[in-house]
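Just so it is clear, none of the values below were taken in a lab; they were calculated from the coordinates. Note that this is a predicted model, so its numbers are computed, not measured. Neighbour counts run over all protein chains shown; Cβ positions are idealised from the backbone, glycine included.
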Amino acid sequence: MLRSRELLGSGLVVFVAAATAGCAPVRMAVPKDVGSASDEIAIADRSSMSGAMVDESFKMGPYQVTDVDRKWTSSSGSSFLNTSSSNTKAGYAFALKAPEGTYKGQCASIVDEKAVGMFGGTFSKQNFDVKCACAGAAQATFEMKSDTTSQYRGKVTTRNTTFDIEGIYNDDKGSSSSTAIGYYVHGGDAVGAVEVVGKGRVWLAKSLDPGTRADVACLFAGLLLHKPPSENLTK
């Protein structure tokens with residue numbers, strides 16, 4: 001009887017351990033030059049929920065993200081980063097309080113129609129590009145487009161400097177995802193990275209001056225808040 005209880009107990013331990021391992025959060029594969037040359041910025045008080053009735057404020061090291069507004073859209077007849085307001089979807093706004101000053105961030109998904117051949121016919125696939133702008137101590141923007149493999153690539157502009165940004169689709173276990181689980185910003189050297197799944201993680205290069213760090217932090221806050229519209233096919 002004692003032996004049976006011992007076996008049952010050990011079985012429960014194995015089961016619990018397996019279940020716990022199965023529920024382990026996804027972690028993106030951090031680019032090597034980011035991990036070795038960056039400070040990881042702690043994220044705190046970030047809710048897993050979003051929406052008009054949810055306080056989506058959170059802390060990101062010395063930065064405070066506040067006043068998240070999911071109802072923001074560029075006004076009728078105007079444009080957002082040279083894009084007609086009629087093509088902007090799921091726009092949102094937020095504020096970022098930094099030691100260097102307060103930024104006002106605005107982001108939106110942009111409709112990008114692409115023709116797709118399927119079953120002998122031509123369909124219009126509605127992809128969504130992503131644009132963000134942060135105005136405050138300086139003006140910082142990024143624009144990302146999905147390429148032919150539906151992976152995001154684009155440009156970040158801040159303080160008269162342009163960097164590349166690209167989606168990260170691999171996790172630290174070697175598995176890949178069809179949607180980006182993080183983003184990597186780099187020029188000649190790494191600028192930083194942001195993991196957008198779970199509670200999120202942020203890295204900023206140690207070599208960045210405080211102003212540029214705040215600019216990039218604001219853009220990363222926009223990516224942490226990003227909720228893409230659902231892609232669909234229309235005939």
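Send over the per residue convex hull volume for region 157-231, Cα only, as a whole number of Å³. All intermediate terms of the calculation are to be shown ahead of the outcome.
On the way: hull volume 8.6 nm³, N = 75.
That works out to 114 Å³ per residue.
Along its principal axes, what span do the Cα atoms of region 134-200 show, with the longest given first and each in whole Å?
38, 29, 22
At what distance in nm do the modelled label points of MET49 and ARG153 sit from each other, each positioned 7 Å from its Cα along Cα→Cβ?
4.0
Among HIS226, VAL194, SER175, whose Cα sits farthest toward the positive end of the charge dipole of region 145-235 (+1 at Cβ of Lys/Arg, -1 at Cβ of Asp/Glu, about the Cα centre)?
HIS226
At R0 = 25 Å, how high is the FRET efficiency between LYS59 and LYS227 if r is their beta carbon distance? Nearest 0.05 is fine. Intermediate results must be reported in sequence, preceding the final value.
Numbers: r = 20 Å, r/R0 = 0.81.
After rounding to 0.05, the efficiency reads 0.80.
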